Amino acid sequence: MTHRRFSKSAFTLVELLVVIAIIGVLVGLLLPAVQAAREAARRMQCSNNLKQIGLALHNYHDTHIAFPPLYISRFPGYSDRANWITMVLPFIEQANLNNTYDPNTSTGGGAGNKFLNAAEIPTFRCPSAPQNAPATYPGIDGFTWALGNYVCNNGLGPYVSVQPQAAQIATVVREGVFMVNKKTGIRDMTDGTSNTLMVSEVIANAPGPSTSDWRGNLTYPENCMFHWNEAPNSPAPDRLRNQLCTSTPIAPCVGAFTSFSQRNIIVTARSMHTGGVQAVFGDGSVRFMGQTINLLSWQAMGSPNGGEVVGDES
């Protein structure tokens, strides 16, 4: 009787190494594509957030015949009240949060607004940005402030705020759309609403509960604005209060002042998106602004009524 022998086939070591190498190559090719797809989705959500903010600003304008001011400051005593973000809360389905606002208490540390200051608002968080914990500042009774990534156009800085000895508490070299105690309307955008920046992005830089960096603070008056001295994502450092500034490669800064009385602030639009930032314009449109944009074009879009001709946006 003849018996047939059947040999079992198996991978040789060389074949196994080849298969592993092929899998490694495929993973290497697919992973960047997956990451790019995820970033595209995050960027789309960021754009949607900005569209909601732009719509909220226009609904505010329809109600009040102007856009909100940067924030309200009362004399005497230099007492900061609601900023523009607080004012648009009812128009982004946050009326209940807005109802917690105490107009008789400063948002710069008043106990009556502790809940408002600490509330994280999803609409104001870009999913591409580092997901940081709320910032805390123990120097004011350990109050907590939430961070966000969308800030308004204050102008060509520096923003300067001086205690009540000064006749004007805020001056900039050239005004943007949002100024202290001053409302700007569509009628004032003589350069055209589609040519005027309203809101852009900032990197909320603190890695966790921290007193070291307040950029992106949603309700504190110093931190809800950007300037157009530099193009988006510029390596030039922002200028902030010494104790509220931590410089990193993605968001450099230098301490420019120490006290509450003198605020010599310049904050540049920045984001974690590759190559630029997103921005809302006066007509409510959202556009991606490349970081290689001609600086004069960027500044022309920052000015609502400077009479400049907007050039290439690339």
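The values are calculated or read from the model by the stated rules, or taken from the named source; none is laboratory data. These figures come from a predicted structure and were not determined experimentally. Neighbour counts are summed over all protein chains in view; Cβ atoms, including those assigned to glycine, are modelled from backbone coordinates with ideal geometry.
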### Message
Condition first: crowded, with 18+ Cβ neighbours inside 10 Å, out of contact with any helix residue (DSSP H, G or I) (no Cβ under 6 Å at 6 or more places or on another chain), modelled with pLDDT under 90 and not aliphatic (A, V, I, L, M). Can you find one or more residues in the range 167-178 that meet it?
### Response
yes
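Against the condition under 27 Å from Asp62 (Cβ atoms) and modelled with pLDDT under 85, how does Ala206 come out, does it pass? Lay out the reasoning, then the answer.
Numbers: under 27 Å from Asp62 (Cβ atoms): no; modelled with pLDDT under 85: yes.
So Ala206 fails the test.
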### Message
List the residue pairs whose Cβ atoms are under 8 Å apart, where the first residue sits in the range 290-311 and is closer than 17 Å to Glu175 by Cβ, the second is among the hydroxyl-bearing types (Ser, Thr, Tyr) and crowded, with 22+ Cβ neighbours inside 10 Å, and the two are 6 or more positions apart or on different chains.
### Response
Met301/Thr196; Gly302/Thr196; Ser303/Thr196; Pro304/Thr184; Pro304/Thr196
### Task
For Thr136, indicate whether it is of a type in the set (Val, Ile, Thr), farther than 23 Å from Ile203 by Cβ, at pLDDT below 85 and surrounded by 16 or more Cβ atoms within 10 Å (Cβ to Cβ).
no
### Query
Which of the residues that make up the range 92-121 are part of a helix (DSSP H, G or I), without any contact (Cβ under 8 Å) to a residue 40 or more places away in the chain and not charged (D, E, K, R)?
Ala95, Asn96, Leu97, Asn98, Ala111, Gly112, Phe115, Ala118
### Query
So Pro127 clears everything in (1) out of contact with any strand residue (DSSP E or B) (no Cβ under 8 Å at 6 or more places or on another chain); (2) farther than 18 Å from Glu222 by Cβ; (3) at pLDDT below 85; (4) of a type outside the set (Ser, Thr, Tyr) except one condition, right? Which one?
(3)
### Summary
Within the range 225-270, residues touching a Gly at 6+ places or on another chain (Cβ under 7 Å), modelled with pLDDT under 85 and part of a loop (DSSP other than H, G, I, E, B) come out as Cys245
### Task
Return the only residue of Gly255, Gly284 being surrounded by fewer than 18 Cβ atoms within 10 Å (Cβ to Cβ), touching a helix residue (DSSP H, G or I) at 6+ places or on another chain (Cβ under 9 Å) and farther than 30 Å from Leu55 by Cα.
Gly255
### Query
Hey, any hits in the range 8-23 for a residue that's modelled with pLDDT under 80 and part of a strand (DSSP E or B)?
no
## Note on the structure
The residue that is surrounded by the fewest Cβ atoms within 10 Å (Cβ to Cβ), considering only those in the range 287-308 that are closer than 24 Å to Pro252 by Cα and of a type in the set (Ser, Thr, Tyr), is Thr292
### Summary
Scanning the range 222-232 residue by residue, the ones that are surrounded by fewer than 24 Cβ atoms within 10 Å (Cβ to Cβ) and either out of contact with any Lys or Arg (no Cβ under 7 Å at 6 or more places or on another chain) or under 21 Å from Phe288 (Cβ atoms) (or both) total 3
